[in-house]
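Right, one structure below, let's go through it.
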Amino acid sequence: NLYKNANDAIYFPGAGIRIGVIDTGVYEDENQLTTAFASSGRPDALHHTVVSKTWDDCGHGTRIAGLATAPLETQTITPRKIAGVAWGADLTTVKYNGGVILGAGQTTELVAAIDVAVADGARVINLALGTPLWSSFVADNIDRIYANTQTIFVAAAGTFVKDVQFP
């Protein structure tokens, strides 16, 4: 079984680690990413925003957070939804944008969102965004955060942007 160790006991991939998903937020009615964390014995998933609207506008942030951390052990519905790769991890989401394309004027919000997730204890930060513009401001802040916390950054770039330069 994929989720069992050598002693045939179920383990929780990602247990003890908080993942920060910096994206478009999470749907407020997505049980797996809101109330399911508390019922699984882990700390509540934390959902923040650095822009005016809290919840997901387009579904991208919800999908990414689910792929990363959607709990397996709380699924009693049939058919089951998804289980995240690190389904035992804790979750912080921070909405910084309504879409996946980082505009030139949104770098301040992106860095603020990263700072919020790190302040929550996230030690893995997921950035699924893209921009054709290099941002030394964002890159310098990622370097600052890594140097001070050794937070790992995972970035996927290119969604809806043809010639991605950053991240």
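Counting only helices (runs of 4 or more DSSP H) wholly contained in segment 1-120, the ones carrying 2 or more residues that are among the hydrophobic types (A, V, I, L, M, F, W, C), modelled with pLDDT of 90 or more and surrounded by 20 or more Cβ atoms within 10 Å (Cβ to Cβ) occupy 60-69, 107-119.
Can you pull out the residues in segment 136-159 that are of a type in the set (S, T, N, Q) and either open to solvent by 90 Å² or more (accessible area, probe 1.4 Å) or more than 14 Å from Ile22 (Cβ to Cβ) (or both)?
Filtering segment 136-159 down to residues of a type in the set (S, T, N, Q) leaves 136, 141, 148-151, 159.
Of everything in segment 136-159, those that are of a type in the set (S, T, N, Q) and either open to solvent by 90 Å² or more (accessible area, probe 1.4 Å) or more than 14 Å from Ile22 (Cβ to Cβ) (or both) turn out to be Ser136, Asn148, Thr149, Gln150.
The values are calculated or read from the model by the stated rules, or taken from the named source; none is laboratory data. Here the structure is a predicted model, which means the values were calculated and not measured. Glycine also receives a Cβ, built like all others from the backbone with ideal geometry; neighbour counts cover every protein chain displayed. To get the accessible areas, we keep the full protein, side chains included, count just its heavy atoms, and leave off ligands, DNA and RNA. Shrake-Rupley method; radii C 1.70, N 1.55, O 1.52, S 1.80 Å.
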